[in-house]
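Below you'll find the structure, written out as structure tokens, and then a few comments.
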Amino acid sequence: MWTESFNRCVDFGLCHARPLLRAQRSGLPLLTDPLMTPIAGGKGELLEPRGRAALRGRFGILWMFLPGWRDAFDPFLAHHERSIDRAGLALAHVTMDMLSLLALQRDISVLGDLYPVLGDLLSGRKQLPPSGEISAAVKGGLGGS
């Protein structure tokens, strides 16, 4: 998942990777957390055909986008664009609810320093669009209103 406002790729696939799940059960900590990778050049750089790598414990993780397959996926994604956008917005609402509850127990103010858009959302200076509403704010990045 690409997060424009943070210039990060969030890969949830690691949460289900069997080798990492087995290693975590054997006592290695937090191997299956989502991988958040900063990409300074933005989404364009992320989609370049060169590989990306990250280390997670003793595991090396490599992934590569295959632009040759793009023509096969574009019609599918275009057909389901509204549903994908709604799901992303719903996930953003769940995430904000969870972070708001966490803020009652712990000081998470550092998140606002690291991620200004998230800080604006957590402080109430900005709001997410209502769940299920697809708007220009969603297309342009969360926290637009």
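Numbers below:
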{"quantity": "Extension reserve of the W69-C15 stretch, reckoned as 0.36 nm per residue once the Cα distance is removed", "calculated": "17.0 nm"}
{"quantity": "Net charge over other residues, Cβ less than 13 angstrom from the Cβ of D33 (K, R count +1; D, E count -1)", "calculated": "0"}
{"quantity": "Cα-projected label distance for D120 with M1, points at 7 Å along beta-carbon direction, nm", "calculated": "2.0 nm"}
{"quantity": "Net charge of Cβ neighbours under 12 Å - reference T3; Lys, Arg +1; Asp, Glu -1", "calculated": "0"}
{"quantity": "Separation in nanometres of the label points that stand 7 Å from Cα toward Cβ, at L91 and E45", "calculated": "2.2 nm"}
{"quantity": "Net lengthening on full extension, H80/S100 (0.36 nm per residue, minus Cα-Cα)", "calculated": "4.2 nm"}
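Rule-based calculations on the coordinates, nothing more; no lab input. From a predicted model like this one, the values you see are computed outputs, not experimental measurements. All Cβ positions, glycine included, derive from the backbone under ideal geometry; neighbour counts span all protein chains shown.
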